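To start, the structure under review is shown below, and the notes come after it.
The values are calculated or read from the model by the stated rules, or taken from the named source; none is laboratory data. All figures in this text were calculated on a predicted structure; none of them were measured in a lab. Methodologically, a virtual Cβ is constructed for each residue, glycine included, from the backbone with ideal geometry; neighbour enumeration extends over all protein chains shown. Areas reflect the complete protein model, heavy atoms only, side chains present, ligands, DNA and RNA absent. Shrake-Rupley method; radii C 1.70, N 1.55, O 1.52, S 1.80 Å.
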Amino acid sequence: MLGWRKQIIEKIQFQQAYLILVFDKDNLLNDEFVLKELQSKDFDTIRFDDSITFRYLYEQQYRTNKSERKLVIYVNKDVVFPYEFQRKALSVKVSLQTLFPKFSVNIIRQIDRGDFDALYTVHQQYQGTSSERETLEYVIKYVYKIPYEMIDDEADLYKVLLSIHYQSRQLPNILQKFLFEKWRGIPDFKDLPLKKMIESQTFFYHFLEQKWDNFVKQYLQVREEQINDPSDIYESDPLANHDVRRLMNDLFLEGQLSKIKDVLIPDAMPDWIRMGIEEDHNQEKVDKQLNYLHDKILDCLSSVTQYKDWFHINELITELKLVSMQSDSNSSVAEVEEKLRVVNNHFARWMVNQYHTLTSLPPYPKPKLVHHIPHVISNERKGNEKVALLVLDGMNFHQWKVVQRFLKEKGFLFEEQQVYAWVPTLTSVSRQAIFSGNVPLTFNKTIQTTAAEERLWRSFWENQGILKQYVTYQKGLGNEKYNRETIKALSKKSTKVYGAVIDVIDQFTHHAVLGEKSIYSNLTLWLETNYLVNFLSDLINAGYSVYLTSDHGNTNATGIGRVSEGVLVEQKGERVRIYDDIMLYEDAASKLSVKKWPNIGLPENYHVLLAEFGQAFVPRDISIVTHGGISLEEVIVPFVKVQKNKGSGLGE
């Protein structure tokens with residue numbers, strides 16, 4: 001697994017200095033495996049991004065540190081380190097040129113670091129020049145495995161794009177442009193929205209859904225009129241290509257493509273077409289989908305190595321839960337609960353061992369932790385563009401999918417990502433991290449409240465060059481009947497940046513008498529009021545680029561008994577207990593059935609004990625929906641850019 005990383009690690013590990021400053025303009029240390037390997041070799045790492053956060057970290061964790069571990073401070077841009085560090089540190093420079101001398105650095109610099117393992121392998125066999133053109137053509141063929149010269153019909157194009165987008169593989173812009181130029185002159189593609197199909201997974205999937213809708217309707221029409229054999233229709237369609245329909249079948253099973261609704265299915269319809277149609281009370285079809293998802297989850301679980309690997313598992317678990325709700329079988333529910341337990345046991349181990357590496361990774365090109373979100377929005381913001389961030393407090397990924405599917409039917413599309421909440425998954429910790437754009441240790445004085453969010457939100461954007469009077473914040477939304485006059489982003493005309501909290505889902509969670517069923521029932525009723533539809537529509541129509549996220553999720557838990565410690569505990573939740581005294585913390589940890597959480601990104605006097613998966617500190621055997629811990633459902637949340645559907649290019 002080391003590969004290209006070996007040169008980087010060796011350049012650091014054999015240095016004798018306690019403090020090492022690494023100048024890394026090519027983002028080579030922004031890699032989980034590099035950071036984990038350095039950690040195993042007794043190096044701590046800090047990414048120097050802004051001096052304030054760095055000072056907090058250094059003063060709290062390292063200035064008086066007497067351990068023998070060395071400290072690596074790395075930077076991805078031109079900065080001048082404070083003199084006190086330069087004076088006592090060794091400086092090291094790492095670059096792409098030394099790793100890939102045969103290739104054009106300008107091309108390699110644009111490639112996602114996740115593709116460097118494949119790049120390093122094929123670099124050894126490369127016999128061409130270091131020109132941009134030759135490098136690009138070689139990388140497309142042998143790293144991304146796109147046989148672009150052989151693509152000349154729609155079926156081949158769909159196969160390639162399905163493979164790329166299914167892996168959520170972000171092709172570099174220069175590669176997208178290359179493919180577009182190569183394919184735009186092909187006769188079969190002249191009426192296709194080719195550029196968007198290459199660029200956007202969301203657009204391409206929407207395009208396929210519309211093609212699929214047309215295909216099924218045409219099949220049914222021919223069958224009803226009985227003029228031609230229906231097989232003559234579908235066998236000539238690119239969607240009927242064996243490889244295309246196999247890939248689309250997986251997307252239907254995993255819930256990434258929407259099935260057609262309200263279609264009367266004839267008995268003789270082929271099974272592969274039937275899979276893309278919504279059916280009521282087809283237990284055989286539900287069982288088939290559940291079996292597929294069970295097997296897929298186990299397969300993915302066996303190969304988890306990076307933080308991103310959990311995103312696909314999270315999507316699969318979400319779809320598993322949604323499909324199980326359609327099942328008439330009690331055993332299906334029990335099997336889903338068992339799968340959740342297995343997955344969460346793996347996830348808890350990963351969190352304890354590797355979550356810390358996320359704090360050293362940058363917000364770009366995609367956010368890893370929720371406090372990266374405003375940085376990404378700021379980075380994407382162009383000129384005087386107005387931006388809005390809506391935080392649906394307490395919404396887990398499963399609930400987001402319910403929201404997403406409702407909104408999709410109302411004409412919205414989504415560029416979707418996933419991010420990690422801060423631990424403990426409490427509103428005062430993780431939501432405050434979002435609005436401050438910073439790690440929790442920087443807001444030590446307000447970590448038990450959300451009262452400072454507006455001030456922190458304005459302060460973040462002021463540091464990005466936007467005056468406070470153009471920044472607006474609002475919370476407590478969603479309970480009232482929607483009225484655009486009460487939305488500050490719409491009523492305050494000077495607003496350029498808007499942050500808002502919609503907290504109805506968190507309220508549903510804390511009042512869920514019947515567990516998750518109560519939440520989904522209340523969530524569906526709330527969505528049907530069209531509060532969110534109107535809110536999003538008005539923001540988009542007013543010229544805002546709209547983003548949506550959550551601060552943490554929620555999970556089912558059963559009581560293991562209340563813990564009576566009175567004033568000894570600083571802060572208590574249903575799945576978390578926090579102490580400011582280390583002695584009390586250690587004593588409680590020795591007596592309770594809990595998991596000790598390492599002090600990652602938290603204030604020095606903030607010591608966290610977490611309930612085990614499926615457990616809560618409430619009266620024994622009481623079932624609740626709650627948050628605070630490190631289950632997959634609590635930790636991984638959506639980060640979404642919301643768009644109005646402008647069509648797929650199929651004449652909608």
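Observations on the structure shown:
- Contact order, relative form, for the chain: 13 percent (alpha carbon pairs under 8 Å, 6 or more residues apart, mean separation divided by residue count).
- A Förster radius of 25 Å, combined with the Cβ-Cβ distance separating GLU586 from THR446, puts the computed FRET efficiency at roughly 0.45.
- Residue-span extension gain [GLN61 to TRP272] - 0.36 nm each, minus C-alpha spacing: 70.2 nm
- Carbon and sulfur %, accessible surface of the chain computed with the full protein complex present, 1.4 Å: 48 percent
- Approximate spin-label separation ILE52-ASP117, in nm, with each point projected 7 Å along Cα-to-Cβ: 3.8 nm
- Span per principal axis, largest first, for the Cα atoms of the stretch 79-150 (Å): 59, 22, 19
- Value of relative contact order over the stretch 287-388, rounded to a whole percent, pairs C-alpha under 8 Å and six or more apart: 16 percent
- FRET E, pair PHE33, VAL342, Förster distance 22 Å, beta-carbon r, rounded to 0.05: 0.30
- Spin-label model distance (nm) - LYS25 vs THR558, 7 Å beyond Cα toward Cβ: 5.9 nm
- Just so you know, the Rg over Rh for the stretch 1-139 is 1.02, from Cα atoms, with Rh as the Kirkwood radius.
- The stretch 301-310 - phi-based ³J(HN,Hα) in whole Hz, Karplus 6.51/-1.76/1.60, Gly and Pro as x: 5, 6, 10, 5, 9, 10, 4, 5, 4, 6
- Hydrodynamic radius (Kirkwood) for the stretch 69-203, which is based on Cα pairs only, to one decimal in Å: 17.5 Å
- Residues of the stretch 395-420 with amide N under 13 Å of a point placed 7 Å along Cα→Cβ from ASN173: none
- Other-chain or far-sequence residues with amide H under 5 Å of VAL501's (modelled H): VAL391, GLN474, LYS475, GLY476, LEU477
- Subtracting the Cα-Cα distance of LYS102 and ASP42 from 0.36 nm times their residue separation leaves 18.3 nm of extension gain.
- Loop-located chymotrypsin sites (Phe, Trp or Tyr not before Pro) across the stretch 1-98 with a Cβ neighbour count of 12 or fewer within 10 Å are PHE14, with loop assigned by DSSP.
- Computed over all pairs of different Cα atoms, the Kirkwood value for the hydrodynamic radius of the stretch 441-480 is 11.5 Å.
- Global geometry of the stretch 367-427, whether rounded, prolate or oblate, following the gyration tensor of its Cα atoms and the 1.5 cut on a/c: oblate
- Gyration tensor verdict on the chain (Cα atoms; rounded if a/c is under 1.5, prolate if a/b is larger than b/c, oblate otherwise): oblate
- When the GluC sites (Glu not before Pro) in the stretch 51-133 are filtered for DSSP coil states and for at most 16 other beta-carbon atoms within 10 Å of their beta-carbon, the remaining sites are GLU68.
- Scaled to the globular estimate 2.2 N^0.38 Å, the Cα spread of the stretch 423-505, given as radius of gyration, is 1.14.
- Evaluated over the Cα positions of the stretch 152-240, the convex hull gives a direction-averaged projected area, one quarter of its surface, of 6.0 nm².
- Cα gyration tensor shape for the stretch 474-549, rounded if a/c is under 1.5, else prolate or oblate: prolate
- Rounded to the nearest 5, the antiparallel percentage of DSSP beta bridges internal to the chain is 45%.
- Per DSSP, loop GluC sites (Glu not before Pro) in the stretch 335-401 with at most 16 further Cβ within 10 Å: GLU385
- Peptides 189-198, 301-310, ordered by how many other C-beta atoms sit within 10 Å of their residues on average, highest first, read 189-198, 301-310.
- Computed from the C-beta positions of GLU409 and GLN306, the FRET efficiency with R₀ = 60 Å rounds to 0.95.
- Computed over the stretch 223-354, the P(r) tail beyond 27 angstrom holds 32 percent of alpha carbon pairs.
- Exceeding the 29 Å Cα-Cα cut-off - candidates LYS190/LYS644; LYS177/LYS368; LYS596/LYS641; LYS77/LYS488: LYS596/LYS641; LYS77/LYS488
- Rolling a 1.4 Å probe across the protein heavy atoms gives the stretch 1-95 an accessible surface of 52 Å² per residue.
- Gain on full stretching of the segment that runs from ALA17 to GLN210 - 0.36 nm per residue minus C-alpha separation: 63.4 nm
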